[in-house]
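In what follows, a single structure is set out as structure tokens and then discussed.
The values are calculated or read from the model by the stated rules, or taken from the named source; none is laboratory data. These numbers come from a predicted model, not from an experiment. Here the Cβ positions follow ideal geometry from the backbone for every residue, glycine too, while neighbour counts run over all protein chains shown. Areas reflect the complete protein model, heavy atoms only, side chains present, ligands, DNA and RNA absent. Shrake-Rupley method; radii C 1.70, N 1.55, O 1.52, S 1.80 Å.
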Amino acid sequence: MTRGGPVTVDMVGSVATITLDRPKLLNAINVGLALALADAVERADAAARAILVKGAGRAFCAGGDVSTFDGATAHAEVARRTIAAFHPAILRLATSGKPSIAAVHGAVAGAGISLMLACDFTIAASGTRFSLAYPKIGASIDGGASWFLPRLVGRRKAKELAMLADSFDADTALDLGLVTRVVPTDDIGAEAMSFAARLANGPTAAFAAIKRLIDDDVVGLARHLDAERDAFIQIAEGADFAEGLQAFRHKRSPVFKGH
């Protein structure tokens, strides 16, 4: 369907494969990628019977592109523009009547986890590492992660994952219910496509109804995404976020003051 740019879309049978394609930056999300992703999801939703989301190169998605804040004096404005571009893709993916599958490998961090959770299923390569990395730079959550997580793992575990931001492996993600299957790294492409094709060849009208019934509160996701945006922007105006960015740039541990 489309090639080139930070996101590509390919149609194989009735499956639309959306590929994040900034491999040198581990598919980190900036405004350009987020806008291209939203467009890709919209077109895939209209054309396909199932949607597969994956990342090119060594990782699925390492989260937000922290370099977008380099040299910026108004961190909140950078955050606002990035989130405004990213959230429509999350909402469209989560509310689509088409079944969606994330195929993840390498690093899945921050907004990469949000994108993964917006999909109905996740096939993970055995060597995948996960982290809700936001607090490491003094940031709040975006991309719907604070909406999806407690519904999958419960409120207490969600707080642990989001606030401590410890890294965990694919088997732990499977035990937590964050991924559907774990497969050998070399098999991730074939396994994910086979899974997507099975869904695409199924009764997709019935699948849409099943999704709507199970996700009966999904209409609240739009309001929740707005709340996430507002919280992130407020945090981005503070000193801790500026300190987190500086620490990230200089590869040192941040010293947070709580404001």
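Taking region 1-33 as the range and being surrounded by 19 or more Cβ atoms within 10 Å (Cβ to Cβ) and either among the small types (Gly, Ala, Ser) or part of a helix (DSSP H, G or I) (or both) as the test, the residues that pass are ALA16, ALA28, LEU33. Against the test of being under 9 Å from the mean Cα position of the chain (by Cα) and of a type outside the set (A, V, I, L, M, F, W, C), the options SER131, SER114, SER96, SER140 yield a single qualifying residue, SER114. Looking only at region 153-209, count how many residues are within 30 Å of LYS136 (Cα to Cα) and either aliphatic (A, V, I, L, M) or in contact with a His (Cβ under 8 Å, 6 or more places away or on another chain) (or both). Residues flagged as within 30 Å of LYS136 (Cα to Cα) and either aliphatic (A, V, I, L, M) or in contact with a His (Cβ under 8 Å, 6 or more places away or on another chain) (or both) within region 153-209 amount to 17.
Matching residues to (1) in contact with a helix residue (DSSP H, G or I) (Cβ under 8 Å, 6 or more places away or on another chain); (2) at pLDDT 95 or above; (3) open to solvent by less than 70 Å² (accessible area, probe 1.4 Å):
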residue: LEU221; (1), (2), (3): yes, no, yes
residue: HIS224; (1), (2), (3): yes, no, yes
residue: GLN246; (1), (2), (3): no, no, no
residue: LYS251; (1), (2), (3): no, no, no
residue: PHE256; (1), (2), (3): yes, yes, no
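Close Cβ contacts (under 7 Å, 6 or more residues apart or on different chains) running from residues in region 44-63 that are more than 21 Å from PRO23 (Cβ to Cβ) to residues that are among the acidic types (Asp, Glu) and at pLDDT below 95 are absent.
When ARG181 is tested against the conditions (1) open to solvent by less than 40 Å² (accessible area, probe 1.4 Å); (2) among the basic types (Lys, Arg); (3) closer than 15 Å to HIS105 by Cβ, the lone failure is (1). Residues considered: ALA36, ALA59, ALA103, ALA72. Of these, the only one that is part of a helix (DSSP H, G or I) and either touching a Leu at 6+ places or on another chain (Cβ under 7 Å) or not hydroxyl-bearing (Ser, Thr, Tyr) (or both) is ALA36.
Can you name every residue in region 68-88 that is of a type in the set (S, T, N, Q) and free of Cβ contacts under 8 Å to residues at least 12 places away in the same chain?
THR73
Those residues that are loosely packed, with under 14 Cβ neighbours inside 10 Å and either in contact with a Leu (Cβ under 9 Å, 6 or more places away or on another chain) or in contact (Cβ under 8 Å) with a residue 60 or more places away in the chain (or both), I need them from region 152-165; list them, please. Across region 152-165, the qualifying residues are LEU152, ARG155, MET163, LEU164. Taken over region 90-126, the criterion of being open to solvent by 10 Å² or more (accessible area, probe 1.4 Å), touching a strand residue (DSSP E or B) at 6+ places or on another chain (Cβ under 8 Å) and not hydrophobic (A, V, I, L, M, F, W, C) is satisfied by LYS98, HIS105, GLY106, ASP120, SER126.
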